[in-house]
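The values are calculated or read from the model by the stated rules, or taken from the named source; none is laboratory data. Owing to the predicted nature of the structure, the values given are computational and were not obtained by experimental measurement. Virtual Cβ from ideal backbone geometry, glycine too; neighbours counted across all protein chains shown.
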Amino acid sequence: MTTTQNCTIIYKKSSYGEVEIGYLDENNDIYANTGQSSKRIGYINDAHQVFRTMQYDDRELGEYSLSGTVRSHGLFEGGELGWIDDDGIVIRAGLIFEEEEVGRVDGHQQEAAGAALLLLFLPDDFEANKTETRR
């Protein structure tokens, strides 16, 4: 779906297999695939912090280490969220969640893209599913 060669592709694990949901480009901008195009939804700064782009400002979601550990700054679910294995497998784990493989990243910025999956894409999916369940 993406045409940029220097990006890291983000895949989410689903009951149907892997789904390409977005990518991290060479400028550390995070894009979500939306149909036939992509939309910038966030970015990662030089201090390894992940930000969501909001309408009027940006919101810091968490950070990652170069060893692959991802930490959230969330009010209720703050703390260690999971990690990225050397082969790009993204694992969610922590006090609230059992250890679970949630996706994979493919490219040279695996830690950053994995952090985007854990901090941005999965919470968005959770909220969308919760809203759909209420209907």
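Restricted to segment 61-82, and to residues there that are modelled with pLDDT of 90 or more, among the small types (Gly, Ala, Ser) and outside any strand (DSSP E or B), the residue that is farthest from the chain's Cα centre (by Cα) is Ser67. Taken together, the criteria place Tyr56 among residues that are hydroxyl-bearing (Ser, Thr, Tyr) and either assigned to a loop (DSSP other than H, G, I, E, B) or within 13 Å of Leu118 (Cβ to Cβ) (or both). One residue alone among Asp85, Asp125 is surrounded by 10 or more Cβ atoms within 10 Å (Cβ to Cβ), under 23 Å from Gly17 (Cβ atoms) and either modelled with pLDDT under 95 or among the basic types (Lys, Arg) (or both), and that residue is Asp125.
Do we have Ala47 as loosely packed, with under 12 Cβ neighbours inside 10 Å and either within 20 Å of Gly82 (Cβ to Cβ) or in contact with a strand residue (DSSP E or B) (Cβ under 6 Å, 6 or more places away or on another chain) (or both) here? In short, yes. Hey, does segment 109-116 have a residue that's exposed (fewer than 13 other Cβ atoms within 10 Å of the Cβ) and part of a loop (DSSP other than H, G, I, E, B)? Scanning segment 109-116 turns up no residue that is exposed (fewer than 13 other Cβ atoms within 10 Å of the Cβ) and part of a loop (DSSP other than H, G, I, E, B).
Exactly one residue among Leu24, Leu61 is more than 13 Å from Ala113 (Cβ to Cβ), surrounded by 15 or more Cβ atoms within 10 Å (Cβ to Cβ) and of a type in the set (A, V, I, L, M, F, W, C), and that residue is Leu61.
Is it the case, given these coordinates, that Asn33 is in contact with a Gly (Cβ under 6 Å, 6 or more places away or on another chain), surrounded by 12 or more Cβ atoms within 10 Å (Cβ to Cβ) and among the polar types (S, T, N, Q)? Answer is yes for this residue.
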